[in-house]
Structures are given as C-alpha cells and as structure tokens.
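Read-outs throughout are calculated quantities, based only on the coordinates presented, and are distinct from any laboratory measurement. These numbers come from a predicted model, not from an experiment. Every residue, glycine as well, gets a Cβ built from its backbone with ideal geometry; the counts of neighbours run over all protein chains shown.
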Amino acid sequence: MSVRVRIAPSPTGNLHIGTARTAVFNWLFARHQGGKFILRIEDTDLERSQPEFTQNILDGLTWLGLTWDEGPFFQSDRMDLYAQNIQALLDKGLAYRAYDTPEELEAMREAQKARHEAPRYDNRHRNLTPEQQAAFEAEGRKAVIRFKIDDDREISWIDLVRGTVTWKGRDLGGDIVISRAADTHGIGQPLYNFVVVVDDIEMQISHVIRGEDHIGNTPKQILLYEALGATVPEFGHTPLILNQAGQKLSKRDGVTSISDFKQMGYTPEGITNYMTLLGWSPPEPMTEIFTLAEAAQQFGFDRVNKAGAKFDWDKLNWLNGQYLHSMPVEHITDTLIPYWRDANYPFDETRDRNWLEQIAALVAPSLSRLDEAVPMTRYLFMPLTFTEEAKAHLQQDGSATALKAILAATDPDTQLTEDAIQTVIKQVVKEQNLKKGLVMKSLRASLTGALQGPDLVQSWLLLNQKGMDRDRFEQAIAISAS
Ligand code: GLU
C-alpha cells in the first residue's frame, strides 16, 4: 500500500503552530515512507473561511519548507461529490432527515440535564413515516441530515501513537448531523466529519495523522467509512502543544501563528526543528539539531509521545540561535535587511552591501531571533541616544581627555584598520597616563551611546567606514563638559 497523508487546515485563521506541527509530522512520515503529502483546504465553513487565511496557510507551509505533492484541493470545489455521497447514505437508509427545531433540541437537552444524563440526540426522527415528514415540511421546517449511530457498536482502532483506542457507540451523542439545514430535497451544507471522510476516501489517504483534539471524531468517521463501503485508514493522534500552565496553546498565549513567528525573527529551520521536537524524540545518536530532511530519515510514530508537549520559548530561542550562528554571512545579511528596512534605518542595499555584511557578521553570534538585531545595531545607522549610564561615564574625570586625545591621534582622511585602532588606544593610554578600561569605556559610550553592546573595535571600524565616528567623539566631549 502506498503511503498517502494529508494536512487539512481550515482557512478560518492564520496558519497555527499546532496545524504546522501536524503538517511537520505528516510531511516527515510521507518522506520517510516515500509516500505523498497532500494539501487540502477545508473551507466548507463559508462564513468563517477567508481567502487571506488560505494565502497565509499556503505561504506559511511554503516558508517552512513543507512542500506538498498534490493540491491544494478546496472543499468548496467538491460540493457535488459530497451531495452524491449524502444521497447514497440516504438511499441506503443509513442517514435520514431530522426536522427538530432549535427550541425542541434545547428542551431535550434541558430534560436530559434535569435527569443528570449526558446530552445527546435521542434519535427521535430516525423512523419518521413519509406522512410525518410531509407534515413537518408543510410546516416549513428545514431538515438536517443525520447519520445513524448504533449505540451498541464498539469501535476500535490501533492508533499509531496511542495503541488500541476503543469507543462505545452510545458515547457518541446519538445520530450525528452530517449536513446542516437542508431544504426539502437538497442536501444542505455538509459538515466536517462527513466531508473529511469523503475526501480522505477519494484522495486515497492511507494514514490520517492529526491532533489529539480530533480523537473523539475518529469513531464517528470510522462508522462513516464503513457506511460508505470504504477501507478504514490508519489513524495517529499527535499530542497537543501546551502552554507552560499545561493547557492547550491558544491565542491567549500570545504568538501562535507561523506568520507571527516569522515576523519575530525565527528561521524556518529553527521553527521546524523545534516543532519536530515537540512530541518526537530523535533516536540516539542523532543530535537535537537537524534539518527536516535529516529527521525524515529517522522519523517514525514509535518515538512520538502520547503526553502533550509543553511549548518552551527558551529552547526555541536556543535552537533558532544555533541556526542564526551558523548561517553564511550573505544569507543572514539578506535575512536581516528587511528588518533594518522596516525599522527605517537609512542604507543603500547595493552600495552598502559590504558594510551591511560586516554588521551582520558582528551581531549574528549573539542573536537568538532576527528582530533582536534591530535594537542591537541601531547605533550603527541612527543618531545616538545615550543611556544615563553612558552619560554618567562620560562625565567622569579623564573621559574627555581620552576622547580629545583620540581625535588628535586619528586622521580624518585615513580609514582606520583594526591594527591602527589598537595602536591609537595604546598610545592614548600611555601618553595621557589613563587606565585602559577608562579609555575603552569612553570609546564605547561615545560611539554606541551605551556601556554594553557588540564588539567595540568592530563597531568603531564600521562607524569609521561611514565617517560617523568623529562627530560622535565631539558630541561625547560636549556631554563630558556638561
Ligand atoms: N480541518 C480540520 C482541522 O483543521 C482537519 C482535521 C483533520 O485532519 O481531520 O483541524
């Protein structure tokens, strides 16, 4: 049997990290098995589905490198197929029209509550006579289509992650609605549990791999496979991503969509590596740092955890940092340029390329996210603002002397080199009889406006290349005197 898996996001929001992680597991499994990974957009909820969310999902999967082999298929293009299959179930007597009004359903639930029973549909319209149906229709009632669930059935499957899972038919809440508000002869709006089965059958999906939140849908879907006369695929329910409090990660936890992670400066490599580790552990001796292709060689459900996976920002930042630190300088420069551009830093991408590459090389080793480069490099692009600490330092004895001596010892018309800088510093320390620490701190305060930051000599070189260093010394000397 050839392996065919799918990811089936609903375009009712941006690509969520949970969906993306499910996509990762599907992708890894497909690639490990030499199978196919299919993309299906589940846009049957017409009110909540938006084209911009579809675009966000396609862009997000592409950015992550989760290439799909077939699709995207859109459920909204496939309504005829669903209608045919609903009709087939009606014809076989496995589904029926139910005419209950919302008020009647509510009253039924209230009565169940009063009896301390779990809410369920009591299947009251399962065996309506044609006369009863006609009477409801004459009243102008709209029908939903319900699929019959046998209370006495036991439904079991061997889950790829959880082993044997068993449900009782009676726990499924009675006959389920598979299509909403059908008019008298049409089939209305088919719903998730039904369309997903029709699609998975038609797309010959061999393994349904999805989040654990869908586990309660699986027994209903298995019954639908049987009713439609199809082979039941294998199922694997992957653990949910949890926040630090152990609850399902949600919008309330802040960033949850892949486009937000991208905006914050995570790399696709860092994110996919981290998502893979959220629930899967690589076999020894594989390290925790791997590409999707490397993980695909080893991936199997035997190493996927049952327990929910806690989202750990520190670990993600650490992993992302590993990718940023090892990125070739051209690549990290290209990746940082949009951040600098968005911050409105002035530069010319072509003319300043070499200068920008030097900046990227300077800060890359201390980044864990790309957006951190914006405040970190601000002093190289923009007029300085001085921290209180830096100002206080500049007002100390010796600071102005050091800076004046530096101005005197450097030639405005000669570009500095690393050696020249080291020589100037030594000379000023010696001639002015100052402590080296004071000279260095004065240089840092005047060139960067702060007492901490990237390498000082490199920073000076970069500012010197742009002719921005001497004015800063003058400005700092003025602060010293104030
Ligand atoms: N549209 C569903 C979701 O986004 C798909 C679930 C499934 O894979 O069956 O959760």
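For a 26 Å ceiling on Cα separation, which of these pairs sit above it: LYS251/LYS315; LYS426/LYS466; LYS36/LYS168?
Distance filter (> 26 Å) returns LYS36/LYS168.
Under 23 Å from the Cα of LYS391, which lysines turn up, not counting those fewer than eight places away in the same chain?
Within reach: LYS404, LYS435, LYS436, LYS441.
Note down the net charge around HIS393, summing +1 for each Lys or Arg and -1 for each Asp or Glu among other residues with Cβ under 13 Å from its Cβ.
It works out to a net charge of +1.
Can you give the longest run of the chain that contains no trypsin sites (Lys or Arg not before Pro) sitting in a DSSP loop with at most 10 other Cβ atoms inside 10 Å?
Longest stretch, sites excluded: 116-350.
Evaluate 2.2 N^0.38 Å with N set to the residue count of the chain, then give the Cα radius of gyration divided by it.
For the chain, the normalised Cα radius of gyration is 1.39.
Where Rh denotes the Kirkwood radius from the mean inverse Cα pair distance, what is Rg over Rh for the stretch 306-454?
Rounded to two decimals, Rg over Rh is 1.07.
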